[in-house]
4 protein chains.
Amino acid sequence: MKQFDMQFRVRYAETDAMGIVHHAVYPVWFEMGRTEYLREVGIPYREMESRGLQSPVIAIHVRYLKPARYDDLLTLKVRVARYTGVRLTLHYEVYRDDVLLCTGESEHAFLNEGRATAVQRKFEDIHEMLARCVGEA
Amino acid sequence: MKQFDMQFRVRYAETDAMGIVHHAVYPVWFEMGRTEYLREVGIPYREMESRGLQSPVIAIHVRYLKPARYDDLLTLKVRVARYTGVRLTLHYEVYRDDVLLCTGESEHAFLNEGRATAVQRKFEDIHEMLARCVGEA
Amino acid sequence: MKQFDMQFRVRYAETDAMGIVHHAVYPVWFEMGRTEYLREVGIPYREMESRGLQSPVIAIHVRYLKPARYDDLLTLKVRVARYTGVRLTLHYEVYRDDVLLCTGESEHAFLNEGRATAVQRKFEDIHEMLARCVGEA
Amino acid sequence: MKQFDMQFRVRYAETDAMGIVHHAVYPVWFEMGRTEYLREVGIPYREMESRGLQSPVIAIHVRYLKPARYDDLLTLKVRVARYTGVRLTLHYEVYRDDVLLCTGESEHAFLNEGRATAVQRKFEDIHEMLARCVGEA
């Protein structure tokens, strides 16, 4: 699966005094999206963590094109942009109907017992799964 | 409809360093639940706001029984506990499977153009809708 | 010290589309206040945790009297309302100048290695400290 | 003033189940920092808004180098990286003592009555203030 789509509603608590969704909320949605994406391709992140593999965020980039508002029904599109075995980059797009509101990327490292790790060495099934996900939709 | 149920997943951002969902997140879920409940009974809160009726929270009470964790699939049950025409009290329960994790209440006033209002006077359809919702499931 | 006061500014991210502080933010401020209060009386909460004593929130009650807005300079007043050795109740008031905006309470249990504990048994210094804090300002 | 420093404590609610500050919290701190920076140079953002000038975030970039934890006393350094009259870029660094934990940038547009505006045209004092802020510390 090269791309994963999920729908969700904007919560009131996610808005700010400009009447729009606060910009710091989008990374939270991205994280929700990658959780569902990983579940879909067969590697629930909670299972990864319980096997000792963590994937902390080392960078995020977000571009805000148009505002989202309370109760909007949005679509989040998630895909794996790059995967090197030691770094993972996910790409995100947020739409309201067919209007693109926001694009973003998150970069991830991999930790095993608190130390940087190559996924391939100890988590071969996860490595193969991620390698298969790379690419355009 | 005397009771509304909705399911959702715990987001990573909603957890804290104790490894469990932070207690301040539950009121955000309650709000998400009442948004969906009101939509279900035919009064989307966004529509209420656009007609000039706001329903600010004037009190919340939350009791935490057991912790929720990242990625838990939870059920939120919402019902109207009391409605007087000038005050509304909603009741909430959060379950993981059949385990009750949390109960809560939110009390609401009604504002029209920034001033306290009796819903019945200007928003009769909403008044009747809310009056019909009161009660046990 | 029977009462602790702290000042802070409202952050933009803490507001919502009504133009006021979102109600779920106040419990976060209460927690910030009790962290500073405990530091002031000599028991930093981080130190409590590192000694194995956790104090999870088991209930909160918040009453919203008047709204707070972005950039308001607020004063939070914290005091210990009750302490029984197994339960702790803190009381909070939020002011803008001399206008009371919000009152609240949080109830806490005590856990040692994940199980309910009487503070007096293993943490006598903390027990005495908390017992001395009880009361009106 | 080419650079503004502010100190603050990490709140418990800002941590996640990895035991560290959640990555989506840093943009909230950046915003807090630019609020204080603008106040310091004489243009409180609330005053800008009340004069009709909004400065929405159009992009953020954050790089996470080392984790922050609950109760850490952090220093946020803010400066204006670029200012063109229609776009503003702020740069941020977060330190614990002399350890750099995080760097970031936020890009801002300017809106007057909801439409893109050149600051110089209607807000000459703000334009001059921002122009003077540009540069290295």
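No value in this document is a laboratory result; all are computed from the given coordinates. It should be emphasised that the depicted structure is a prediction, and the values quoted were computed from it without experimental measurement. Neighbour counts are summed over all protein chains in view; Cβ atoms, including those assigned to glycine, are modelled from backbone coordinates with ideal geometry.
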Report, ordered by chain and residue number, the aspartates and glutamates lying within cross-link reach of D:Lys2, taken as a straight Cα distance under 16 Å and ignoring same-chain residues fewer than 8 apart.
-> D:Glu36, D:Glu40, D:Glu93, D:Glu105, D:Glu128, D:Glu136
The range A:86-97 - phi-based ³J(HN,Hα) in whole Hz, Karplus 6.51/-1.76/1.60, Gly and Pro as x = 10, 9, 10, 10, 9, 10, 10, 9, 10, 10, 10, 6
Once amide H atoms are built 1.01 Å from N in the peptide plane, which residues 5 or more positions from C:Thr15, or in another chain, come under 5 Å H to H?
-> A:Ala17, C:His22
Rounded to two decimals, the Debye log10 I(q)/I(0) of chain A (Cα scatterers, no solvent) at q = 0.09, 0.10, 0.16, 0.21 Å⁻¹ is -0.28, -0.34, -0.81, -1.22
To the nearest Å, what is the center-to-center distance of the range A:99-137 and the range A:1-38, using C-alpha atoms only?
-> 19 Å
For the protein assembly as shown, with equal point scatterers placed on the C-alpha atoms only and solvent neglected, what are the log10 I(q)/I(0) values from the Debye formula at q = 0.05, 0.07, 0.12 1/Å, to two decimals?
-> -0.21, -0.42, -1.33
Two decimals is fine: what's Rg over Rh for the range D:4-66, C-alpha atoms, Kirkwood radius as Rh?
-> 1.04
Got a sec to turn the phi values of the range D:65-79 into Karplus ³J(HN,Hα) couplings, 6.51 cos²θ - 1.76 cosθ + 1.60 with θ = phi - 60°, whole Hz, x for Gly and Pro?
-> 9, 9, x, 9, 10, 3, 6, 4, 8, 10, 10, 10, 10, 10, 8
The helix D:124-133 Cα axis meets the longest alpha-carbon principal axis of chain D at an angle in degrees, between 0 and 90 and rounded to 10, of 40 degrees
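Beta carbons within 10 angstrom, averaged per residue: use that to sort the peptides B:108-118, D:8-18, A:83-93, A:39-49, highest first.
With the highest mean Cβ count within 10 Å placed first, the list reads D:8-18, A:83-93, A:39-49, B:108-118.
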For the range C:4-15, what does the Karplus curve 6.51 cos²θ - 1.76 cosθ + 1.60, with θ = phi - 60°, yield as ³J(HN,Hα) per residue in whole Hz, taken in order and with x for Gly and Pro?
-> 10, 10, 9, 10, 7, 9, 6, 8, 4, 4, 8, 8
How far apart, in nm, are the 7 Å Cα→Cβ label points at C:Arg87 and A:Val99?
-> 5.1 nm
